[in-house]
Structures are given as C-alpha cells and as structure tokens.
1. Name, by its number, the condition in (1) at pLDDT below 75; (2) exposed (fewer than 10 other Cβ atoms within 10 Å of the Cβ) that does not hold for LEU14.
2. Return only the number of the condition from (1) farther than 22 Å from GLY33 by Cβ; (2) open to solvent by 60 Å² or more (accessible area, probe 1.4 Å); (3) within 14 Å of the chain's Cα centre (by Cα) that ASP104 does not satisfy.
3. Kindly evaluate THR66 against the criterion of being β-branched (Val, Ile, Thr) and modelled with pLDDT under 75.
4. Taking region 73-84 as the region of interest, how many residues are surrounded by fewer than 10 Cβ atoms within 10 Å (Cβ to Cβ) and of a type in the set (D, E, K, R)?
5. Looking only at residues in region 32-72 that are in contact with a Leu (Cβ under 8 Å, 6 or more places away or on another chain) and either acidic (Asp, Glu) or outside any loop (DSSP other than H, G, I, E, B) (or both), which one is least open to solvent (accessible area, probe 1.4 Å)?
6. Take region 49-82 and flag every residue that is in contact (Cβ under 8 Å) with a residue 12 or more places away in the chain and over 19 Å from GLN36 (Cα atoms).
7. Condition first: surrounded by fewer than 13 Cβ atoms within 10 Å (Cβ to Cβ), at pLDDT below 85, touching a strand residue (DSSP E or B) at 6+ places or on another chain (Cβ under 8 Å) and part of a loop (DSSP other than H, G, I, E, B). Can you find one or more residues in region 85-99 that meet it?
Amino acid sequence: MPRSTSGAWPLLSLFTILASLLPVNALYFYLDGTSQKCFFEELPKDTLVVGHYNAEQWNEQARSYTPNEYMGIFITVDEDFDNDHRVISQRGAHKGRFTFSAADS
C-alpha cells in the first residue's frame, strides 16, 4: 500500500515560515583591485558569517564587468579591536564563498 505524503506539506510549510523569521543581516559592496575595505560589525558570539564573492574584470569591448575564470582572490578577515588576530586567510578561485564563526561577541 503506498504511503501518503500529504501530512508532510503542512510541516514543511511551517518549517519554511519559521526559518524565514530568523534574523539575517546582509552587506553588499564592491572593491577595486588591491584595495581593502574596513567594517565595524558587532557580532554576537557563535554567529556564523558566510561571505560570497565574485571577481570580475572590466571588459572595454563589452563596456561592462565580466567574469574571468583565470583570476583568483585572496580573502583576509582581521579582528582589530580586542585580540588583533586574523580570523580567516584564504585564497580562492574567481567565484566562491568563505565562512567563519565569531568566537567572542
């Protein structure tokens, strides 16, 4: 006898609604070449930070930025206030992500 999955839909809908109520903050910015960007963000302890990046190169013929799969990127995140330590240091492809957790608030 086949099992009915109709009872799973209300549970899945409830889970989706509850997940959308979680607090989320986003930060979106552009960097040019080798420049650095500094931010002051107050993070509660054990906050998971996920960053997505995409390195693109100016294409004069197309007059727009286009992906270049031969480019790479080097990401460093430093905590400069209390402990002055490097949180992340990572080399990656032209597109990807990085993650770290806040050890202290």
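1. Among (1) at pLDDT below 75; (2) exposed (fewer than 10 other Cβ atoms within 10 Å of the Cβ), the lone unmet condition for LEU14 is (2).
2. (3)
3. Working: β-branched (Val, Ile, Thr): yes; modelled with pLDDT under 75: no.
Criteria not met by THR66.
4. The qualifying residues number 3.
5. Within region 32-72, the match that is least open to solvent (accessible area, probe 1.4 Å) is VAL49.
6. PRO67, ASN68, GLU69, TYR70, ASP82
7. Taking every residue of region 85-99 in turn, none turns out to be surrounded by fewer than 13 Cβ atoms within 10 Å (Cβ to Cβ), at pLDDT below 85, touching a strand residue (DSSP E or B) at 6+ places or on another chain (Cβ under 8 Å) and part of a loop (DSSP other than H, G, I, E, B).
The values are calculated or read from the model by the stated rules, or taken from the named source; none is laboratory data. Since the structure is predicted, the reported quantities are computational estimates derived from the model, not experimental observations. For neighbour counting, all protein chains shown are included, and Cβ atoms are generated from backbone atoms with ideal geometry for every residue, glycine included. To get the accessible areas, we keep the full protein, side chains included, count just its heavy atoms, and leave off ligands, DNA and RNA. Shrake-Rupley method; radii C 1.70, N 1.55, O 1.52, S 1.80 Å.
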